[in-house]
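Undergrad: Can you keep this structure in mind? I'll have questions shortly.
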Amino acid sequence: MAIGGVGAGGGAGSVEGQQGRSVLVTGGAGFIGTHTVLRLLEKGYAVTAVDNFHNSVPEALDRVRHIVGPALSARLQFIFGDLTIKDDLEKVFAAKRYDAVIHFAGLKAVAESVAHPEMYNRNNIVGTVNLYDVMKKHGCNKLVFSSSATVYGQPEKVPCVEDSPLKALNPYGRTKLYLEEMLRDYQHANPEWRTILLRYFNPIGAHQSGDIGEDPKGVPNNLLPYIQQVAVGRRPELNVYGHDYRTRDGTAVRDYIHVVDLADGHIAALEKLFATPDIGCVAYNLGTGRGTTVLEMVSAFEKAYGKKIPVKMCPRRPGDSEQVYASTAKAEQELGWRAKYGIEEMCRDQWNWARKNPYGYCGDAAENKD
Ligand code: NAD
Ligand code: UFG
C-alpha cells in the first residue's frame, strides 16, 4: 500500500463551504468516483480516495487534480489500497479521521459476474464487510453506498419507486441486493449509524472539460461506451439488442443520467446525512425520471457527433428488461436534488470526452487491444 498526493490542508481557493469536513471515497479513481471527488473538492470537502486500480488508472485522479487546480487538489489525498485486505483499510483509517464515507469500490460487469460469481462475492461483499468493520472500529458511522437500479430486477411497474419489490437477476445484482439488506441490518443493530443507499439508473456522459470520463477495459457492455467506440472508429457498428419490445420504436427504454448530476446526488446525500441524526438506512433513486429508447439515444448521439452511427438490429440480450426508469420524487423531496441535464447534454459531453480521448486515459491503441 502506498500513500500519494498531499494531505488535506487548508488554503483552498473559492470553495462553497464544508471546509474541515473530510470524506473517504472508495473506488475514487473510477468513472463515478472521479466525478464525485471533483465535485466534493469544488464544494470544499477534504477528500481521501482509496482504490486498487482494478478497473481504473492513476491518470484519472491526476486529471481531476488538473481540472480543480493546485489549491483544491491540495485537499485531495490518494491511498492505494484494496478493500478486501483489511490491513489496507486499517492504514487508510489510521491516516486520518473521516466524517463520512462514499463507497463506490466494487465490480460491476454483469456477464463477468455470471462467469465468476465468487470474484463478485469476494470483492463486493467482503470489501464492504471490511469497510463496515473498520469504520465502526474508528467511530465513523456515516455511509453513502452505491447501489443500482439492478435491484428492481425486471420491474413489473415503472417508474420504479423505492419501495417496489426488489429482485436480483444475476450475481452482480445479488451482491447489491445483499449489501443493501446487510447495511439495513447493521443500521438496525447500531441505530446511531446513518446510511444512504443510492440506486443509480444509467450513468453516462462525462465532465464538461472532456478530461475525465468512462474508460472501460475490453469490449464495452454498456450502450454509450459502445456507441462512443463506434464513433471513434474502434468498432464498426452498434449491435442494437432487441427491436420487438412494446415501446415507441421497439427498442428498450432506460433512464440515462449525466454522471455530473449523479455526482451532485452524492453531495446532496452527504448533506442529508450530516443534517439528519435519525435518518437510519434509506434508499433513494438517482435518475431523471425520463425513459429513452436505444434508437433515441443513437439519434441524440449522432446529433452531437455530426455523423451517422451504423447500427445492426439483433435479437434481445438475455436478461434485459423492456423498460426501466426512476421515480425521482423521493430524492427531490427529501434530498432536494434533481437531475439538471438532458440526453442532449449527456451526448455532447460523452462525445467531447471521446473526441479528446479516443483510446481513454492511456491514449494508445496498442494498450487498448481487446
Ligand atoms: P468503476 O469500475 O469505474 O469504479 C469502481 C472503482 O472501484 C474502480 O476504480 C476500481 O478499481 C475500484 N475497486 C474495485 N474493487 C476494489 C477494491 N476491492 N479495493 C479498492 N478499489 C476497488 O465503476 P463505476 O461505474 O464508477 O461504479 C461505481 C459503483 O457504482 C460500483 O459499485 C457500481 O457497482 C455502482 N454502479 C455503477 C453503475 C454504472 O452503470 N456505472 C450503475 C449502478 C451502480
Ligand atoms: N444495448 C445495445 N447494444 C449494446 C449495449 C447495450 O443495444 O452494445 C442496449 C441494451 O440491450 C439495453 C440498453 O442498451 O436495452 C441499455 O444497456 P446497458 O448495458 O447500457 O444498461 P443496462 O440498463 O442493461 O444495465 C446497466 C448496468 C447494470 C445496472 C443497470 C442499472 O450494466 O449493471 O444499468 O444501473 F444494473
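Bear in mind these aren't lab numbers, they're just calculated from the coordinates by the rules spelled out. Quick caveat, the model's predicted, so the values are computed rather than measured. Here the Cβ positions follow ideal geometry from the backbone for every residue, glycine too, while neighbour counts run over all protein chains shown.
Undergrad: Count of lysine pairs in region 60-195 with Cα atoms under 24 Å apart, counting only pairs 8 or more residues apart in sequence or on different chains?
TA: 21
Undergrad: In terms of the Cα gyration tensor, with a ≥ b ≥ c the square roots of its eigenvalues, is region 19-93 rounded because a/c is under 1.5, prolate because a/b exceeds b/c, or oblate?
TA: On the way: a/c = 2.17, a/b = 1.37, b/c = 1.59.
Since a/c reaches 1.5 but b/c is at least a/b, the shape of region 19-93 is classed as oblate.
Undergrad: Using a simple charge model, +1 on the beta-carbon of Lys and Arg, -1 on the beta-carbon of Asp and Glu, nothing else, what dipole does the chain show about its Cα centre, in debye to the nearest 20? Intermediate values should be presented prior to the final figure.
TA: Details: 43 positive and 43 negative charges, 56 e Å.
Around 260 debye, computed over the chain.
Undergrad: Taking only Cα atoms and a 10 Å spring cutoff, compute GNM fluctuations for the chain and point out the largest among GLU180, GLU334, GLU42.
TA: GLU334
Undergrad: Next question, about the same structure. What is the magnitude of the charge dipole of region 43-123 about its Cα centre, with +1 placed on the Cβ of each Lys and Arg, -1 on the Cβ of each Asp and Glu, and no other charges, expressed in debye to the nearest 20? Before the final figure, lay out the partial values.
TA: Values: 10 positive and 10 negative charges, 80 e Å.
The calculation lands at about 380 debye.
Undergrad: Let me ask something else. Using only alpha carbon pairs under 8 Å that are at least six residues apart, calculate the relative contact order of the chain and give it in whole percent.
TA: Details: 757 pairs, mean separation 65.5, N = 370.
Once divided by the residue count of the chain, the mean separation gives 18 percent.
Undergrad: Note the angle between two axes, namely the Cα long axis of helix 171-189 and the longest principal axis of the Cα atoms of the chain, as a number of degrees from 0 to 90, rounded to the nearest 10.
TA: It works out to around 30 degrees.
Undergrad: If the limit is 19 Å between Cα atoms, which of LYS272/LYS330; LYS217/LYS303; LYS43/LYS272 go over it?
TA: Values: LYS272/LYS330 13 Å; LYS217/LYS303 26 Å; LYS43/LYS272 15 Å.
From the list (LYS272/LYS330; LYS217/LYS303; LYS43/LYS272), the Cα-Cα distance tops 19 Å for LYS217/LYS303.
Undergrad: Could you give the C-alpha radius of gyration of the chain expressed as a fraction of 2.2 N^0.38 Å, taking N as the number of residues it contains?
TA: Details: Rg = 19.7 Å, N = 370, 2.2 N^0.38 = 20.8 Å.
Taking the Cα Rg and dividing by 2.2 N^0.38 Å, one obtains 0.95.
Undergrad: A further question follows. Considering amide H positions built from the backbone, and no H for Pro or chain starts, which residues 5 or more places from ALA252, or on another chain, come under 5 Å of its amide H?
TA: VAL294
Undergrad: Got a sec to turn the phi values of region 21-31 into Karplus ³J(HN,Hα) couplings, 6.51 cos²θ - 1.76 cosθ + 1.60 with θ = phi - 60°, whole Hz, x for Gly and Pro?
TA: Per-residue couplings from phi come out as 7, 10, 10, 8, 10, 7, x, x, 8, x, 4 Hz.
Undergrad: Using a Gaussian network for the chain with springs between C-alpha atoms less than 10 Å apart, which of these wobbles most: THR247, THR48, THR84?
TA: Result: THR247 has the largest fluctuation of those listed.
Undergrad: Using modelled amide H (1.01 Å from N, peptide plane; none on Pro or chain starts), what sits under 5 Å from the amide H of VAL25, excluding residues fewer than 5 places away?
TA: So VAL25 has HN proximity to THR48, ALA49, VAL50, ILE102.
Undergrad: Follow-up. Between THR150, THR128, THR276, where does the largest GNM mean-square fluctuation fall for the chain, given springs only between Cα atoms within less than 10 Å?
TA: THR276
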